[in-house]
Structures are given as C-alpha cells and as structure tokens.
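See below for the structure under consideration.
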Number of protein chains: 2
Amino acid sequence: MKKVNIAIIGLGNIGSSLFAHLRKNRDLIRKQTNVDLNVKYVSAKNRFKKRKIKVSNKKWLKSYNLAPYINDIDIIVELIGGSEGAAKKLVFNSIKNKKHVVTANKALISKYGDKLAKLAEQNNVNLEFEASVAGGVPIIRSIKEGLITNKISKIYGILNGTSNFILSQMADKRMDFNNVLYEAKKLGYAESNPIADINGDDAKSKIQILSSLAFNSLINRSKINVEGIKNIDQIDIQNAKLLGYKIKHLAIAELKKNKLLQMVHPCMVSKGSYISNINGVLNAVIIEGNPIGKFTIQGEGAGPGPTTSALVSDICSILRGDINPPFAIPNKNRKKIKSIDISNEIFSCYIRLDVFDKTGVLSSITNTLSKNKISVKRLIQNPFRSKRFASIIIISHKIKNSNLIKATNELSKKKFVINKPKFLRIIKT
Amino acid sequence: MKKVNIAIIGLGNIGSSLFAHLRKNRDLIRKQTNVDLNVKYVSAKNRFKKRKIKVSNKKWLKSYNLAPYINDIDIIVELIGGSEGAAKKLVFNSIKNKKHVVTANKALISKYGDKLAKLAEQNNVNLEFEASVAGGVPIIRSIKEGLITNKISKIYGILNGTSNFILSQMADKRMDFNNVLYEAKKLGYAESNPIADINGDDAKSKIQILSSLAFNSLINRSKINVEGIKNIDQIDIQNAKLLGYKIKHLAIAELKKNKLLQMVHPCMVSKGSYISNINGVLNAVIIEGNPIGKFTIQGEGAGPGPTTSALVSDICSILRGDINPPFAIPNKNRKKIKSIDISNEIFSCYIRLDVFDKTGVLSSITNTLSKNKISVKRLIQNPFRSKRFASIIIISHKIKNSNLIKATNELSKKKFVINKPKFLRIIKT
C-alpha cells in the first residue's frame, strides 16, 4: 500500500483536532483511499503549550520553516493563519518544493490565491482550501465538481458565523451588540480579537474566493463594499421585526452583464425567506445557476469539528491522486473580470434617524431626501423616551446607493439629528 | 488534447437536455477538463419522435444494444429508466465491455448497485449516479468526497419532489390530493404514471442509495417501512397547521447501535423546523455526522436542468480521470449491515378518527388505546359537518409502532368508526 506523509503546521484548536482525527481514523482512511496516511511531523509556535493531544517527540519539527525542505513530507497542512508572515512563507515555499498544501487560510488565499494557483500548477501539486470557506460545508468542492459547466449568475450567503451568532442573539434575547459579543467570546463563538469577523473582512475574503470559483475568474479585490455589524442597534433589530424583516450579514457576488458586483454588509431580508432562518453560527451559501437552478448548502461555519471535516476531505482528495487546478480550471483560462462599484446600484432601504422633535424637522428631512432623489415608501415616527426626541423610520423605494450615502451624510449634519443616521439595504433573496 | 466519445441512450426530456448542454458547452468542457468531449452517438426507442433537439443521422445508433460493443464509445449515459429490461441490460453490458457508465436510474442502482459496483471495479471503469438522487444537488459527491471519514449517524430528507409539491399545494391552496395531483401532472411536476412517486417507492430507492454511501455498507433492502402520501386528507393538513406542525414526506436512514433503520413515510414535523420550510418540488438532505456536525443541502430535485447538471458533473469527473469505486470505497470494504424493523421503534403520533357521535364512543376509543399501551397527550373532538359525526384527533405520547398499527386496526373495525383511522408519526428534525 502506498504510504503518504503529512505535516501539520499550527496546533491550535483546529490543528489539534485534525491531528487527533487523522490518528484515530488511519485505518478508515486506508480503507477509503487505499493509502496509508502517516502524520509524520507537526510544528507550532509554542511546543510546550498545554494541548488536548499528546505528540511524541520524534514528530516535532524544530521549525515549521524546515517543512518544505524535508524529503519525507508529501503534504503540508498550514494552520497558522494570516495573509502574510509565517503562513505566506510556508505555503509559497512548500509549493515551490513540490509539496501538496492544504490550508484553511481564507486571508492568504483571497490575497495570494492567484499566484499560488499558478505556482501549484507549475509544480504539479495540489493547493486545497475547502476549509477556508463555510467550515465543513463542502461548498468549494460542490462548485468545482458538482456544479461544473453550470453558468452561475449569483452566489451569496451567510459566511461569517460570529456575525450571524451575534445578530441571532440580539434578535432572540434583545441584548445589545456589546453584551452579545462578550457572551460570544465566552462561548468560543468569537475570537478574543474578533475585528475581522465583526467588520466584514472575513466574509469579504470568503466571497472573493467563492466568486472566483463560481465565475471562473481571477480573484477580484476591487470595489467591494464592505460593512460590518457593529453599528446595528437593538432598536434596528426590533424595527426589522415589526416591518416583516430580519437583519442578516450577507456576502453577495453577482454577475451583471459580465461585470462583477461584490458586496458584504448587514441588510434586511424578508422574514419568511430561507436565509432569514439561518441562525446562530450556521453558514449558508446559495447559488443561482443554469442548468441547476437554485442550490443551497448549509452547515456549521467554523469550529474544530467542521473545519477538520473539510481539511480531511482535501487531504483524501490528494491521496486519491486527483491533481486538479486549485481553482478548478487551468490558471491561464481564468479570466480577469471587471468589477462594478456599488454607487450606481439601486436598493430599497431602511433609514433610521433619531431626532429632536421640533417643528420643521420632518419637512427638513423629506426635503433632503427628495433633493437626493430618495422617494419614501413608508415613514414611521415614534416618540422616543421623552416627547422631546423621536425616532423616524423610513423605508425608501428603490434608490441609488450613492444617493443613499449622500442623503444620510447630509442628514447627519443637521442640528436636529442626534446620532449618525443608520441605514440598511433591503435585499430580496 | 485527449478526445473522449460519449453515447446518450434515451432521449426523453433529460436526454435531450443533456445532449443540448454538451453540444453547447463543448468548449467550456475543454477548458475545464482539458478533454474534448464528443457526443458520438445517441439512441432512443422512437427515432422519429418530435424532440426539441436536432440530431444528425450519423449520430443515430440503430439499436442501443450495440453501444457496449462499439469501440469508439468511452462513456455511456443510460437514461432509459427502470430497474429491469433495457436499462439493466445496457448498464451491465456496458460495464462488462469496459465502458464508463453514467446513469440517473435510482431503481436500477438501488436494486443492482452492489453487483454493478463490483463489476465496475473489476473492469476498472466508473459507474456514476449523482443524478439518481435529489436532481442537481451534489449530495452523492458530497458524501463520497466532502464528508469522507466522517462518521455519519443519520441521513434523511425530502427526496421525492412530486410528493413534496402535492403536500405543499394541499397546504397552500387547501386543495384535495386528487385535484393537486391533476394540477401537478399538467405542470409537469408529476409523471403521467406517478405511482412510484406517490407510494414512496421512488424515495425508498433513493434513501437506500444514500444510506449505503453514508454508512459505507452494501445496499440494504430489507425491513424498510414505506408509506406514500395518497391517504393524506386536507383535514389532516389543516389539523397539522393548528397543532403547530406541517406534513412532509420524509425518507430517513439512521444507525442505531450499528443497525440500520430505514423508513419512508409522510409525517408531522414542527412548523418552525428547517425541513418544514422545504416546499414545492425542492429536495433537501440533512446529514448528522462527526466531526462535521449537522449538514444540509437543498435544491431542485428533478427536471431536465438539475438532472443535466448532475449528469455533467459525473461525466466531467470521468474526464478528469478520477476512477473511484462507485460507492466511494472498494466493494470488499463495504459491510453488510443488519436492519431494524420499525415495529419496536417509538414515536409520538397523530391519530384521526371520524366517528358517529354516540354515547360511549370516546370511552371505547380510549379503552382500545389504553389496551394497546397508547397514552394520550392531547385529544380534540370536533363536530363534523352535522352533529351526528365527529372528528377525534389524538396526539399520543411516545408509543411503539406495533401498538400504533394494532390499535388503529382494532379501531377501524369498530362500528362507530366511519373511515379507516389515519395516523402520522411526529418526527423531530
């Protein structure tokens, strides 16, 4: 039986889980792939840190830097993370030295995926990154293989489990953002530094990877509108509910006349819609394509278990000897695709203004809106705490994004406006 | 560039759609697989039938029977259907003659899958059947590759689009079964002879295939409880709604202490649950596994578009040269698995009795239930049309299936019972 050696670099929760899984399932992997997979080496920043797993001395690599140059390593699993530094160096060097690479690193792939794919092809090795998007959900394999030759027009979904957990908890428990974030950290659903999750950067990396696969294009990093969830107030959650919506953080990539619109933002979605029911740390991806129609896949978006499942699927694909281009098609066939700026896109929007309740306020607001070509579909004025303040909720007809931004900026400068106006686009899913 | 010849046998809606798709996307397939795929031959029962596609004379095979023996055919796509006769003969002969086979034929695979898999391995060819379950949804590929080494404990879902369409329409439009079935036929959502869809046989074949893949076992055909949807009345749909449920036709396969429970039946599921929101012709499959957790995939379960998508994914997998065992692992490693009879399984149940409203009726019913160890959680008696009749609805605590059957049989013999008692198991999803 063929024997393949693997090195796991990075032994956090995920690396440890993978190590334990591969050790426990060595027999099963033999049966399923006809290959004997041996975890030959591991490496991590701190060798003597307390971990759930026990690693024998002879498996420890002095430095992860050595891995690309060791002859008896066939596959390197990079679980360091981050788009630069150690992870970048390791992955580039590994591929250059003809090692197959498996990684969960969305930041690295979204930034250097094109270069790495080219390099992997040149060196005839695999670069696999199923675990970089949507945890255990085999979305990348589904696009690359299950939906091959489909003409995909749109791919979108909930790609950040932390944001979705926070929004779900805010809705269920009527807690404020900061309290939920605190709880999420305690439960392990948010990292100690959750900034990339909260500000949308994590979802941005993921949608870049997905849209590149879906549209057979090089990774497109330009003109992506990215908004996070930290400005969502409990009152917006409640307003959404009253209006028949839920607030969800979506990442969307859509082909429009052969140009690419990518956007990442919290938005309102209809309460009955599929995506509105994806709660907690779940991820979901929806694909609209021809001939398949509408296709949906969902599952746990993060955590050691699901991520291990995805890593192992990549590893076994390598064991089977399926050397395919990292982005499904040869790099030379991946097209550059022009991107669309969100400015001229039109959306129906929710706008909330907290104002001093004085004469003339409403007329000043409607004036500003009208000047910016924002036509009002619905307006609700609610007294707020005392009678001196009011919260004004506006649902607009379809308006240009640039007008939305301009109008809310103008409104935020009005003396009677208390806080920065809040807005959420209403997305039909 | 490598050239591969394919023959499509069967040119109904699906065969025609596949033919058109392969012709239109020949370039794309070249780019994606580096192989030039040529539809060399087609064959169908009636050559001169009116079709949406035009096939040149030289592509027509005189008889499908010849396909396995023609040298310049590499892949044969079987779209005849049925577990016996022409389809069976074609697939067996094709594999014996070292042709790769792609099929959408769930009846054939669920019946002869084990034999065919063995034969395919011996002849070192592919036998692919993604299109046999859940239309375009890449569920088979997801189990075989995306979830590899996962320990799956349960796989279930909505696998018959026709049944789901009928139940959804009955709920939405308050129409009766027969009227909806008539409409479904007109819309093309039910075949002119929909018996295998309506009576559960279609879903049975599909769950057999899925459970075999999920549990790495030979196909298990014994002790499967199969019930269709034709006994569901509009009043049951309404009652379900009132009680906080929806009626769905589910196929379920579950490992219990290393034994397999397979069942296919309409049942009540909680109104808020994921599966309760899968409507129309959609299919959905849910997998519970370790380490992945709960994983869900949904999409259009039938029709030329989705089925073509699945067939093409199989074809391209063959073009890439991925010769893998049909059921993911070598046939010798697939285990026999013992099956569990539903008799001793316990369920909470909904029972409906239409009765003459006479003195003593309720006590006779509760007596029979109690004698059969059925304890009542909830009982509602509604007058029915006139005051002489009543509909009695019972929600039981968890009861043994054998007791449910025995009690409803006994009750159906009572003089005061008007129609055969109806029951639905309540399934937690």
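Coordinate-derived values only; no laboratory data. Here the structure is a predicted model, which means the values were calculated and not measured. Cβ: placed from backbone, ideal geometry, glycine included. Neighbour counts: every protein chain shown.
Per-structure values
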{"quantity": "Under 17 Å from the Cα of B:K271 - aspartates and glutamates, other chains or at least 8 residues apart", "calculated": "B:D172, B:D236"}
{"quantity": "Point-to-point label distance, A:R26-B:N38, nm (Cα→Cβ direction, 7 Å offset)", "calculated": "5.0 nm"}
{"quantity": "Beta bridges by DSSP in the protein assembly as shown, antiparallel share as percent, to the nearest 5", "calculated": "70 percent"}
{"quantity": "Candidate aspartates and glutamates - alpha carbon under 16 Å from A:K373, same-chain residues fewer than 8 apart omitted", "calculated": "A:E345, A:E410"}
{"quantity": "Crossing angle, helix A:177-187 versus chain A [Cα axis fit, 0-90 degrees, rounded to tens]", "calculated": "20 degrees"}
{"quantity": "Label 7 Å beyond Cα on the Cβ vector: B:K415 copy-to-copy distances, nm", "calculated": "9.1"}
{"quantity": "Per-residue average of Cβ from other chains inside 10 Å of B:109-115", "calculated": "0"}
{"quantity": "Sequence-separation-based contact order of chain B, relative, with Cα cut under 8 Å and 6+ spacing, percent", "calculated": "16 percent"}
{"quantity": "Dipole-positive endmost among B:V285, B:A407, B:P266 within chain B (Cβ charges, Cα centre)", "calculated": "B:A407"}
{"quantity": "Point-charge dipole on Cβ atoms (K/R +1, D/E -1) for segment B:334-429, about Cα centre, debye to 20", "calculated": "360 debye"}
{"quantity": "Proximal aspartates and glutamates relative to A:K2, as straight alpha-carbon distance under 16 Å, when same-chain residues fewer than 8 apart are discounted", "calculated": "A:D27, A:D36, A:D72, A:D74, A:D322"}
{"quantity": "Segment B:288-344, dipole about Cα centre (Lys/Arg Cβ +1, Asp/Glu Cβ -1), debye to the nearest 20", "calculated": "400 debye"}
{"quantity": "Calculated [θ] (222 nm, deg cm²/dmol) that DSSP helices of n ≥ 4 give over chain A, each run adding -39,500 (n - 2.57)", "calculated": "-10000 deg cm²/dmol"}
{"quantity": "Average beta carbon contacts from partner chains per residue of B:298-309, 10 Å cutoff", "calculated": "5"}
{"quantity": "Most fluctuating residue given options A:I53, A:I235, A:I140, as computed from a GNM of chain A linking Cα atoms under 10 Å", "calculated": "A:I53"}
{"quantity": "Gaussian network model of chain A, springs between alpha carbon atoms under 10 Å - residue of A:K115, A:K387, A:K294 with greatest fluctuation", "calculated": "A:K387"}
{"quantity": "Computed E for A:Y182/A:K49 - FRET, C-beta separation, R0 25 angstrom, nearest 0.05", "calculated": "0.50"}
{"quantity": "Tilt relative to chain A, helix A:304-319 - C-alpha long axis, 0 to 90 degrees, to 10", "calculated": "50 degrees"}
{"quantity": "FRET efficiency, 1/(1 + (r/R0)^6) with R0 41 Å, evaluated for B:L66 and A:K259 via beta carbons", "calculated": "0.25"}
{"quantity": "Nearest 10 degrees, 0 to 90: helix B:201-214 Cα axis against chain B principal axis", "calculated": "70 degrees"}
{"quantity": "Centroid-to-centroid separation of segment B:10-58 and segment B:395-429 [C-alpha atoms, Å]", "calculated": "51 Å"}
{"quantity": "Label point 7 Å beyond Cα along the C-beta direction, distances from A:D172 to other copies (nm, shortest first)", "calculated": "2.9"}
{"quantity": "Label spacing, shortest first and in nm, from A:N279 to its equivalents in the remaining copies (7 angstrom along Cα→Cβ)", "calculated": "2.0"}
{"quantity": "GNM result for chain A, Cα springs below 10 Å: residue of A:I207, A:I405, A:I340 fluctuating most strongly", "calculated": "A:I405"}
{"quantity": "R0 of 56 Å, Cβ-Cβ distance B:N123-A:E410: FRET efficiency to nearest 0.05", "calculated": "0.15"}
